[in-house]
Each structure stands twice: as structure tokens, then as C-alpha cells.
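I have placed the structure first, in the form of C-alpha cells, so that the comments after it can refer back to it.
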Amino acid sequence: MGVGGPARYFCEVRSEEEVVVAVAWAKKHGQRLFVLGGGSNLLVRDAGFDGLVVRVDLRGIEVCGDGCLNVGAGENWDAFVDRAVAMDLAGVECLAGIPGSMGGTPVQNVGAYGQEVAETIEEVRAFDRMKGEFVVLVRAACRFRYRESLFNSDEPGRYVVTQVRFRLRKEGVPTLRYAELQRRFTGRQMPTLKEVASAVREIRRSKGMLLVEGDSDSRSAGSFFKNPVMEVGDMERVAAAAGTEADGLPQWPAGEGRVKLPAAWLLEHAGFVKGYGEGAAGISTRHTLALTNRGGATCADIERLQDEIVRGVRERFGVRLEREPVLVG
Ligand SMILES: Cc1cc2nc3c(=O)[nH]c(=O)nc-3n(C[C@H](O)[C@H](O)[C@H](O)COP(=O)(O)OP(=O)(O)OC[C@H]3O[C@@H](n4cnc5c(N)ncnc54)[C@H](O)[C@@H]3O)c2cc1C
């Protein structure tokens with residue numbers, strides 16, 4: 001987002017040994033530690049971070065079997081997607097164009113256009129700061145949920161991810177679950193993985209969700225609010241506030257007796273439409289869920305806009321929105 005102050009201490013680590021050294025240094029000097037990937041899902045406070053920021057830059061992609069790839073946490077996510085597609089490996093093609101590092105993806109359980117990394121991650125190797133040793137966590141141990149995982153929700157800050165193992169489908173067919181993506185290929189033979197990845201990037205670009213130099217709509221942290229998950233029973237109240245029937249509301253099933261509501265719909269119906277905001281912080285002109293820095297915004301400006309939206313949606317629908325980006329500082 002291009003907001004926020006400095007780190008008191010900063011280092012980059014390029015090997016597992018350096019991870020251990022950095023963690024030990026912070027402990028010895030009584031400094032808080034923040035693990036940085038690509039910085040694409042952060043909201044850094046204006047006063048910065050009073051501690052050590054460790055940027056993870058471990059590289060390397062190694063084939064470990066049929067459809068199996070071990071990837072260093074510092075690899076660029078989108079370049080990895082290209083690599084997998086070029087190797088004819090299916091499973092991440094719909095996640096093309098998402099900025100950030102490999103290490104950030106299991107943390108945030110990144111997802112888009114009908115795929116989530118939780119479906120293809122086999123295991124995660126990480127330094128466990130509590131035990132002081134490297135551990136390997138299999139998929140079930142990572143406790144992946146919608147944009148949540150062991151790493152950001154159950155035990156935030158405990159693990160420094162150094163490597164992620166993917167199990168992709170050799171010569172697999174692309175995933176076409178997302179309606180907008182399906183429409184692109186209707187009436188045609190099954191597209192290639194490369195065609196699907198390109199289509200996803202095109203859609204993302206049209207919504208300002210692809211990092212493009214000079215496109216101020218992409219100066220965001222992606223979707224700023226999570227889609228709220230609610231009890232089916234609570235939908236009547238939301239529907240009444242919207243002046244409609246519960247089954248007239250857009251929604252997706254979210255497990256036993258629960259549904260997920262599109263946060264974008266809630267914002268729009270509470271008056272927070274594309275382009276909203278007078279100042280340097282505003283809603284993207286092409287995507288309702290992206291709060292953007294139009295130039296010169298501070299973190300305080302972004303937080304003010306966030307609070308205004310959260311309050312507005314709560315007053316209108318009684319639904320509490322949750323921020324997706326991680327607040328630092
Ligand atoms: C334009 C745009 C579009 C986006 N679109 C999407 C989208 O479609 N879907 C989606 O899910 N997200 C999206 N995002 C959000 C973001 O790209 C992802 O969450 C991404 O995975 C964050 O990775 P990062 O390396 O930048 O993490 P950072 O922003 O650096 O960090 C995010 C969190 O992960 C932790 N972390 C990072 N690396 C490690 C590590 N090695 N070990 C331990 N913890 C670590 C950090 O401490 C922090 O808590 C978008 C962002 C932007 C700017």
C-alpha cells in the first residue's frame with residue numbers, strides 16, 4: 001500500500017542458518033520480531049515497527065517426484081505459477097497474478113478464482129520459534145481455513161516458513177469453478193493451463209488486482225475485508241435490512257448451517273461503492289473490496305476509511321467485517 005513507518009532493525013535471510021541467527025539475535029536483544037515476505041498483504045502503522053523485521057529470501061525450486069515441487073519461501077509466487085504451468089502441472093493456474101512470496105501463501109491460505117493453496121500444499125517446513133528447531137507440518141497440521149491457517153490465526157508469529165512442498169497434477173486439466181472464468185471458455189474445447197492463467201491475469205488487470213506500474217488502483221493489499229461467514233438463521237436479519245428475502249441475498253454455502261456473504265455486496269449496499277472517498281485513501285475505482293493509496297496516504301488515512309466502512313456496514317446490516325491484511329506496528 002506504500003504506507004507506514006520504518007523498522008527499527010531489518011535484515012534479509014537467505015538460508016535456514018541465517019533464520020536461526022536472526023531469531024536468536026532478536027531473542028538475545030529483547031526485540032520483537034516480524035517476518036516479512038513480499039509485503040503485499042500488510043498495513044504498516046505510521047510509527048513503523050519497533051523491533052526486528054526479517055525478510056525471508058530463501059530461494060530454489062526443486063522437483064521432488066511426480067508433480068511434487070519443493071519451493072523456497074523467498075521465491076516470487078507469480079513466477080512459481082508460471083513455472084508450474086510451463087511444466088504442465090495443474091493446481092495453481094487460477095492463482096496467477098497474486099503478488100507476494102511463496103512463504104506468505106500458506107500463512108494467508110491464498111485463494112482466488114476457484115482455487116486455494118490449501119488444496120495443493122503437501123507440507124510446510126518452518127522454524128518453530130517456541131521449540132527452537134525446524135519442523136515439517138503436513139497439510140492437516142497447517143489447519144487451513146478461509147484466509148486462515150495455523151500460522152496467522154492459531155499460533156501467529158510462532159513459525160518462520162522456509163520451504164513449501166506442493167503436490168500438483170501432472171498433465172492435469174485446469175480448474176474452471178469460477179463463473180467468470182467458465183464464461184470465458186464456454187463453447188470452446190478445454191483450455192490449456194497457460195490459457196487459464198492468462199485469462200485470470202486479464203480479469204485481475206481489468207479489476208486493478210494485478211500489480212501494474214502507474215495503476216493507482218493496484219496500490220492496495222488486495223481484498224481489504226474478508227467475506228463474513230454467518231449462521232443461516234442470521235440471514236433473515238440481513239435480508240430484512242436489505243429489504244429482500246434471505247434466499248434473494250448472494251451467498252455461498254460455508255459448511256453445516258453456515259453461509260458466506262460477499263463483503264463487496266455489503267459494502268455497496270451500505271453506500272461504499274467503487275471510487276468512494278475524497279482523500280488520499282479511497283476505494284478502488286474498479287474493485288469494491290480494495291482500499292487504495294491514491295498517493296500520499298498515511299496508514300492513519302487508510303485506518304480511518306476502514307473504520308468508517310466497518311461502522312457503516314454494521315449499522316446498516318448488523319454484520320461485523322474483518323480486515324484481511326495484517327496490521328504491523
Ligand atoms: C493487488 C493485490 C491483489 C491480491 N490478490 C489476492 C488474491 O486474489 N487472493 C489472496 O488470497 N490474496 C491476495 N492478495 C494478498 C497477498 O498478495 C497475499 O496474501 C500474499 O500471499 C502475501 O504474501 P507476501 O509474501 O507479500 O506476505 P506479506 O504481506 O509480507 O506477509 C503477510 C503475512 O504472512 C507472514 N509471512 C510472510 N512470509 C512468511 C514466512 N516466510 N514465514 C512466516 N510468516 C510469513 C507475515 O508475517 C504476515 O503475517 C493481493 C494483494 C495485492 C496487493
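Values for this structure:
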{"item": "Cross-link table LYS194/LYS274; LYS170/LYS226; LYS226/LYS274; LYS28/LYS131; LYS170/LYS260, entries beyond 21 Å C-alpha to C-alpha", "result": "LYS194/LYS274; LYS170/LYS226; LYS170/LYS260"}
{"item": "Spatial extent of the range 191-306: Rg and Dmax, with the Cα atoms as the point set, Å", "result": "16.6, 45"}
{"item": "Accessible area of SER206 in the full protein assembly, 1.4 Å probe (Å², nearest 10)", "result": "70 Å²"}
{"item": "Selected from GLY60, ALA254, TYR178, residue furthest toward positive end of dipole (the chain; charges at beta carbon)", "result": "GLY60"}
{"item": "Protection-proxy order for peptides 92-105, 44-57, each taking the mean of Cβ atoms within 10 Å per residue, highest first", "result": "92-105, 44-57"}
{"item": "Cysteines not pairable in the chain (beta carbon separation under 4.7 Å absent)", "result": "CYS11, CYS94, CYS142, CYS299"}
{"item": "Probe 1.4 Å, protein heavy atoms only - accessible area per residue of the range 91-182 in square angstrom", "result": "39 Å²"}
{"item": "Sum of side-chain charges, GLY277 neighbourhood, beta-carbon under 10 Å (Lys, Arg +1; Asp, Glu -1)", "result": "-1"}
{"item": "Taking the chain and dividing mean pair separation by its residue count, relative contact order in percent (alpha carbons under 8 Å, at least six apart)", "result": "18 percent"}
{"item": "Surface share of carbon and sulfur [accessible, 1.4 angstrom probe, percent] for the chain", "result": "48 percent"}
{"item": "Net charge contributed by nearby residues that have their C-beta within less than 9 Å of LYS207 (K/R +1, D/E -1)", "result": "+2"}
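The values are calculated or read from the model by the stated rules, or taken from the named source; none is laboratory data. Quantities reported herein were computed from a predicted structural model and do not represent experimental measurements. Cβ: placed from backbone, ideal geometry, glycine included. Neighbour counts: every protein chain shown. Accessible surface areas use protein heavy atoms only, side chains included; no ligands, DNA or RNA. Shrake-Rupley method; radii C 1.70, N 1.55, O 1.52, S 1.80 Å.
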